[in-house]
Amino acid sequence: MINEENKELAHRQHVKYFMRFLNILPSSLSSHDSTRVTIAYFSVAGLDVLGSITSISIELRSRIIDWLYLLQVQPRKSDGDMSTCGFQGSSTINIELDNANSHYRCGHLAMTYTALCTLLALGDDLSRVNRKAIINGVKALQTEEGNFSATLSGCESDMRFVYCAACISYILNDWSGFNVEKATDYIIKSMGYDYGIAQCPELESHGGTTYCALATLSLTNRLDQLSEYQLDSLRRWLVFRQVDGFQGRPNKPVDTCYSFWVGASLKMLDILHLTNYNSNKRYVYETQDYVVGGFSKWPDTCTDPMHTYLGLAGLSLIGESGLLEIVPTLNITRRAYDHLKSLHQKWASEL
Ligand SMILES: [Zn+2]
């Protein structure tokens, strides 16, 4: 929808848009039921970046917090095993299973990461998080190559879950389940001939996985493991992803979410200011639904909570007014990050 009024943030409409997802999952998203926690994260984080976390009533905030804690997988009762601990994605799979199917009851790194971010944005003190168990769950998922599987019940292992594991370790302030040296080695091996970073070694460089890799190196203080030449070449690769908005790979169409994935990567490397903010902003606004709220990946296509949140986060990175500051590594607001830092201080004083 390209018109004059669509050059401005439809703030009120976006607040209503996210509130709808917190009350009911639309049928168009029913196939995402098993990853419902991520929809809660995009909605709550979206309201947070809009400066509207108080639009969620105190009663609803506490219901969301209680629901998230119900999804936490606790150590096995029979022997105390913690390898399956973490958060599951949906109450649909949060059932007591008989022994034959009990391997389906296990945490998932992306769900654990987004559940923790959602709890932080809602102001929870993480006191019900079984920190030791979750760190053991993270440890059980790191592979010999240094990357991570998402879940013990079996799935792919790649850069996305390296990032989730790093965020969980950072948030819980405990790196005992994350072998930093192995993960760093995996990231450096995943840098391509063009100096972008891929899901795994030998695959195509990608804006999303480059973000995951850079954020992990930043959270683990290992950005200095890349040589100056590698860093400069990666900066070049990232800057060249701008068309008007940003694309994830060369010769691919631009997409609203890369204003965050590539924008945040450029921010971590201190060169976001070398990009053209106006054309980036113009593209993202072309994907805004000014009437009912939300952003889509392309103009005149369906909006969704992920592109809506990432569109707002991308606009926040370039200083759009009416939005709170985003911390690019963890992908939460500075407000939620400050709350996390106060929890870290509290935990340290309890030692
Ligand atoms: Zn996208």
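The values are calculated or read from the model by the stated rules, or taken from the named source; none is laboratory data. Just so you know, these numbers come straight off a predicted model, no measurement behind them. All Cβ positions, glycine included, derive from the backbone under ideal geometry; neighbour counts span all protein chains shown. To get the accessible areas, we keep the full protein, side chains included, count just its heavy atoms, and leave off ligands, DNA and RNA. Shrake-Rupley method; radii C 1.70, N 1.55, O 1.52, S 1.80 Å.
Within the stretch 243-260, the set of residues being more than 19 Å from the chain's Cα centre (by Cα) and surrounded by fewer than 21 Cβ atoms within 10 Å (Cβ to Cβ) comprises V243, D244, R249, P250, N251, K252, P253. Here N179 fulfils each of the conditions (1) more than 28 Å from A100 (Cα to Cα); (2) touching a residue at least 40 places away in the same chain (Cβ under 8 Å); (3) among the polar types (S, T, N, Q) apart from (2).
Scanning for something within 15 Å of the ligand (Cβ to nearest atom), modelled with pLDDT of 95 or more and either open to solvent by 20 Å² or more (accessible area, probe 1.4 Å) or in a helix (DSSP H, G or I) (or both), does the stretch 217-225 turn up at least one residue? Checked the stretch 217-225: no residue is within 15 Å of the ligand (Cβ to nearest atom), modelled with pLDDT of 95 or more and either open to solvent by 20 Å² or more (accessible area, probe 1.4 Å) or in a helix (DSSP H, G or I) (or both). In the set T256, T301, T308, T333, only one residue is away from the ligand (no atom under 16 Å from the Cβ) and in contact with a Ser or Thr (Cβ under 9 Å, 6 or more places away or on another chain); that residue is T333. For residues that are open to solvent by less than 60 Å² (accessible area, probe 1.4 Å) and part of a helix (DSSP H, G or I), scanning just the stretch 266-280, find the one that is nearest to the ligand (Cβ to nearest atom). If we take residues in the stretch 266-280 being open to solvent by less than 60 Å² (accessible area, probe 1.4 Å) and part of a helix (DSSP H, G or I), then N280 is nearest to the ligand (Cβ to nearest atom).
Those helices (runs of 4 or more DSSP H) of the stretch 27-125 in which at least 2 residues are farther than 24 Å from Q142 by Cβ and of a type in the set (V, I, T), considering only elements entirely within it, cover 36-49, 58-70. Taking the stretch 232-242 as the search range and keeping residues that are surrounded by 15 or more Cβ atoms within 10 Å (Cβ to Cβ) and free of Cβ contacts under 8 Å to residues at least 40 places away in the same chain, which one is farthest from the ligand (Cβ to nearest atom)? Among those that are surrounded by 15 or more Cβ atoms within 10 Å (Cβ to Cβ) and free of Cβ contacts under 8 Å to residues at least 40 places away in the same chain, it is S233. Figure legend. Inter-residue proximity from the stretch 11-23: first residues among the hydrophobic types (A, V, I, L, M, F, W, C), second residues assigned to a helix (DSSP H, G or I) and open to solvent by 30 Å² or more (accessible area, probe 1.4 Å), beta-carbon distance below 8 Å, spacing 6+ or different chains. Indicated pairs: V15/S55; F18/F42; M19/S55; F21/F42. Looking across the stretch 75-104, the residues that are at pLDDT 85 or above, in contact with a Lys or Arg (Cβ under 9 Å, 6 or more places away or on another chain) and closer than 16 Å to T35 by Cβ come down to Q88, G89, S90. Going by the conditions given, is G263 within 12 Å of the ligand (Cβ to nearest atom) and buried (at least 21 other Cβ atoms within 10 Å of the Cβ)? Taking the combined requirement at face value, the residue does not satisfy it. For the stretch 284-298, the set of residues classified as assigned to a loop (DSSP other than H, G, I, E, B) and more than 11 Å from the ligand (Cβ to nearest atom) consists of D289, Y290, V291, V292, G293, G294, listed by residue number. Restricting the stretch 133-185 to residues that are modelled with pLDDT of 95 or more and of a type in the set (D, E), the residue that is surrounded by the fewest Cβ atoms within 10 Å (Cβ to Cβ) is E144. Residue selection: L126 satisfies the criterion of being surrounded by fewer than 24 Cβ atoms within 10 Å (Cβ to Cβ), modelled with pLDDT of 95 or more and either out of contact with any His (no Cβ under 9 Å at 6 or more places or on another chain) or of a type outside the set (A, V, I, L, M, F, W, C) (or both).
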